[in-house]
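Working notes for the structure below.
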Amino acid sequence: MKIQSIQLIALVALLSGCVANENPKEGGLFGGIHGLSSGAYERRAQEREDNLAKMRALQEELNQETTSLDAQKQKRQMILDEERRQLATLTTDVKALEIKLASMQKEKGASDKRLAAIQTRLKDLKSQLSTQQNSLDALEGNGVGGADALEGTRSGMPTDSRRQQLEAQRLELQQEYDDLLNLTLMLAK
């Protein structure tokens, strides 16, 4: 009976050393049996699958946001390119007006005072065109450089507001150009 008691004590001591752990990496045989029978392993696996699903959903949201930002950037670049084309056309028209004015000065002995006023206004117009060109350059440097640049321009103005302001200035300059052209045609008569 003494041997059976010793064996029983040894078995109890041995089994008490085999504490069940829910972590499959540390479980051992009894921990593994306990983890499978209690459902702990399935819960851990489900938690990991849930976390993976959340991460995938977050990744999908980030991908959609990136796509949206890229589309906005492309749209703003197209608008900026159109503004540049219009500005280039206006610049070409101003140069043609300068040539016409120089020709008129040679051919017609028009009033010095009116010609001086036209030349002064033409210089102002060129200066404003240069300013607008610089503003467009600044807008291009800050407005389409990336997602951070969508915040606004160096002047603190939102990009769309700045673009609208530049468009209004361009229209004013176009009107002044047309007025100067009419004036030069009137002087040519």
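State yes or no: is L101 assigned to a helix (DSSP H, G or I) and modelled with pLDDT of 80 or more?
Taking the combined requirement at face value, the residue satisfies it.
Taking the criterion of being more than 29 Å from L173 (Cβ to Cβ), in contact with a Leu (Cβ under 8 Å, 6 or more places away or on another chain) and surrounded by fewer than 15 Cβ atoms within 10 Å (Cβ to Cβ), would at least one residue in region 93-108 satisfy it?
No, region 93-108 has no match at all.
Evaluate region 71-78: report whether one residue or more is within 30 Å of L181 (Cβ to Cβ) and either modelled with pLDDT of 90 or more or within 24 Å of the chain's Cα centre (by Cα) (or both).
The answer is yes; a qualifying residue exists.
Let's see how each residue does on (1) in a helix (DSSP H, G or I); (2) touching a Leu at 6+ places or on another chain (Cβ under 9 Å); (3) at pLDDT 70 or above:
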residue	(1), (2), (3)
I3	yes, no, yes
N21	no, no, no
E42	yes, yes, yes
E82	yes, no, yes
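Which pairs turn up if I take residues in region 66-78 that are surrounded by 13 or more Cβ atoms within 10 Å (Cβ to Cβ) and look for partners that are of a type in the set (V, I, T) with beta carbon separation below 8 Å, at least 6 apart in sequence or on another chain?
K73/V144; R76/V144; R76/T159; Q77/V144
The values are calculated or read from the model by the stated rules, or taken from the named source; none is laboratory data. From a predicted model like this one, the values you see are computed outputs, not experimental measurements. With ideal geometry, Cβ positions are generated from the backbone for all residues, glycine too; neighbour counts draw on all protein chains shown.
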